[in-house]
Amino acid sequence: MHANYPRDSRTVLTDMVLPSETNPLNNLFGGELLARMDRAASIAARRHSRRITVTASVNHVAFNQSVPVGSVLTVEAAVSRAFKTSMEVYIDVWMEDRFTGEKSKANEAIYTFVAVDDTGRPTVVPPLQPETELEQERFEGALRRKQLSLVLAGKMKPHDATELKALFTE
Ligand SMILES: CC(C)(COP(=O)(O)OP(=O)(O)OC[C@H]1O[C@@H](n2cnc3c(N)ncnc32)[C@H](O)[C@@H]1OP(=O)(O)O)[C@@H](O)C(=O)NCCC(=O)NCCS
């Protein structure tokens, strides 16, 4: 199986924030942002694997900045590492200034997707080859995040999380 680059899966969704998608402070409702990120990340995972993909876990979400109604929001997702059947997808969210058009980072998140066959059974995905410095950095951290996610889900014993343990012992 030949490797894909993160740019092969890069998915960009741009949309406005409507009043029906906001909280009582007229800022984007968190659940709406999670759904937008899930949609973009799912397409990225599908582009990498060319398979049906399902969300296995949401490993990290940072709601750093509120997003007011009327904002133009861009959700950018790309696979940051592929394992055997699972893929880590990194999502960056940008907000566009309505007067200058300048983009600022609003949020980021990390999701895990699993490629499955028609019966829902996990299936092997192509490897990922990072190209840029940022892609390399995200690639290297992904195994540690996978182990943390598995430990928190009760699917891995902390003792077996070698990458995670190395953080505290090195
Ligand atoms: C995701 C799913 C396919 C995993 O099935 P499973 O029986 O746990 O399969 P496995 O144990 O073989 O795990 C498959 C891969 O997922 C990874 N995985 C499973 N749970 C994970 C978690 N919580 N965090 C990170 N990775 C996880 C495993 O490490 C494995 O990765 P690898 O093959 O790349 O090493 C299954 O749990 C599922 O279908 N869940 C429902 C998905 C869904 O409907 N999502 C939408 C929710 S609304």
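Miscellaneous remarks
- Here the Karplus relation 6.51 cos²θ - 1.76 cosθ + 1.60, evaluated at θ = phi - 60°, turns the backbone of region 87-96 into coupling constants of 9, 8, 10, 9, 10, 10, 10, 10, 10, 9 Hz, with x for every Gly and Pro.
- Sites excluded, trypsin sites (Lys or Arg not before Pro) in DSSP loops with at most 12 other C-beta within 10 Å, longest stretch of the chain: 99-154
- N64 sits among other residues whose Cβ lies under 11 Å from its own Cβ, and their net charge, with Lys and Arg +1 and Asp and Glu -1, is 0.
- 10 Å beta-carbon shell around E108, net charge (K/R +1, D/E -1): -1
- Net length gained if the chain between D160 and V12 were fully extended (0.36 nm per residue, minus Cα distance): 49.7 nm
- Least to most buried among H2, H60, H48 (fewest other Cβ within 10 Å first): H2, H60, H48
- All lysines inside 18 Å of K84 as judged from Cα atoms, apart from same-chain residues fewer than 8 positions distant: K146, K155
- Note on region 6-130: Cα convex hull, mean projected area over all directions, 8.0 nm².
- Here the contact order of the chain, divided by its residue count and restricted to Cα pairs under 8 Å and six or more residues apart, works out to 25 percent.
- Theoretical gain in end-to-end length, I52 to V124 [0.36 nm per residue, Cα-Cα removed]: 24.8 nm
- Hypothetical label at F63: residues of region 95-129 whose amide nitrogen lies under 18 Å (7 Å Cα-Cβ projection): 95, 105-111
Values quoted throughout were computed directly from the atomic coordinates according to the rules given, and no laboratory measurement underlies them. Keep in mind that what you see is a predicted model, and the values were worked out from it rather than measured. With ideal geometry, Cβ positions are generated from the backbone for all residues, glycine too; neighbour counts draw on all protein chains shown.
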